[in-house]
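The values are calculated or read from the model by the stated rules, or taken from the named source; none is laboratory data. Quick caveat: nothing in here was measured; it's all calculated off a predicted structure. Cβ atoms come from the backbone with ideal geometry, glycine included; neighbour counts cover every protein chain shown.
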Amino acid sequence: MHGSLDSALAGGVTLGGQGLEVPLADGTRGYFNYYWLRDNCPSSFDSETRERTFDIFQDIEPQPASARLDGEALEIVWQGSGHVTRHRLDWLAPYAKGTPRHDPADLPRRLWYADHYPKIARFSQPDLMRDRVLVGKWAEALLVEGVAIVTDMPDSDAGLTETARLLGQVRPTFFGDYFDVRVHADPINLAYTAKALELHTDVPAEDMAPGVQFLHCRANSVTGGDNLILDGTAAAADLRRDHPADFALLAETEIPFYWEHDGYDMRARQRVIELDRHGEISGLTISQHLADVFDLPQHFLDRYYPALRRFGRLLQSPKYLVRYRLKAGECVVFDNHRVVHGRDAYTAASGKRYLRGTYVDRGELRSTYRALVTPGRFA
């Protein structure tokens, strides 16, 4: 309870100095602040744009002239303006305990290991284009497992764009809106060579690395070049269980990443292991080839390097690593903050290998899932 309440009782509603109490359906009484009640009056939101229009910064402090129960609703008449606010009791109840509003996109993650490739969710691109319900299932697979494969992709740049836009807007990086993974005459990234690409997450040198990655295979006839992926959250969960001190170092310490090339000087500091608001492992940021010089106290590095090395070796364990060959017409889609990926070396002269990539932010993925599976607060 927030402060002492006056004993004045009006139809089951108890008025206090800064808020009121009202009986709820579960037999408890909920306390609600007057500012909050007025700020969230249904009339405080524009009926077309759904944006808040009430100015809580105005001089008038909201105080009720009266408050009563009217059926299944709380009705308040405000002093001065005479404005009437009505809140359904079933709408008020979830806010009584001050816990975050339920997020349907906050789904529990399902960890996976080296045997997961045959179990990866697969969706046909033409089916996704015509079925929004199926898009919701695709988004759910990405939220729960962090990876899915889209098959039957059109062999075109537009095919990747229209597929990515099913989940959100194309998210550019300093590489541009898209990137082409093939051998370049003057490569600026190891991905643009035929060399092996060590396990990593993409673009750690940006303040907020892009969330969902698309890799559309347009051609793959070379010898070698198998794709490598693993569930970084599964490996991090094992590290937390077996080596909690190492886990804490990687989850609490920001280390520097960089990208310096052709006019770019990108720098950002990231935690190798990311935790969500529940304290659960939500992902990783890891990249040996884009790690900057660690500008941390040298005696601290006596502990940090062994922890990082232990985790890096764990990521290479056969327990987690999935090796597969992406085929032309397939697009692997994965959470860039969860799925660590890489590539075996290949022989460039043996054929053609071309993957076109882009990104969509994680927030857009969650937004699409919420919009497809649940009504909003204004429904």
remark   = S317 passes all but one of the listed conditions (1) outside any loop (DSSP other than H, G, I, E, B); (2) closer than 17 Å to V339 by Cβ; the exception is number (1)
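Sort through R86, R50, R29 and tell me the only one that's among the basic types (K, R) and exposed (fewer than 12 other Cβ atoms within 10 Å of the Cβ).
R50
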ask   = Would you pick out the residues in the stretch 323-337 that are within 23 Å of Q125 (Cα to Cα) and buried (at least 18 other Cβ atoms within 10 Å of the Cβ)?
value = L326, G329, E330, C331, V332, V333, F334, D335, N336
query = Is the stretch 94-101 home to any residue that is over 30 Å from A235 (Cβ atoms), among the aliphatic types (A, V, I, L, M), surrounded by 14 or more Cβ atoms within 10 Å (Cβ to Cβ) and touching a strand residue (DSSP E or B) at 6+ places or on another chain (Cβ under 7 Å)?
reply = yes
query = Tell me, which residue of the stretch 205-221 that is hydrophobic (A, V, I, L, M, F, W, C) and assigned to a loop (DSSP other than H, G, I, E, B) is surrounded by the fewest Cβ atoms within 10 Å (Cβ to Cβ)?
reply = M208
inquiry  = Looking at L143, L128, L107 in this structure, which one is in the same structural domain as D180 (by TED's automatic domain parsing), more than 26 Å from A219 (Cα to Cα) and not small (G, A, S)?
reply    = L143
message = Restricting to the stretch 142-170, count the residues that are closer than 27 Å to H116 by Cβ and part of a helix (DSSP H, G or I).
response = 7
ask   = Taking the stretch 241-265, which residues are crowded, with 16+ Cβ neighbours inside 10 Å, at pLDDT 95 or above and either of a type outside the set (D, E) or not assigned by TED's automatic domain parsing to the domain that holds G312 (or both)?
value = H243, F247, L249, L250, A251, T253, I255, P256, F257, Y258
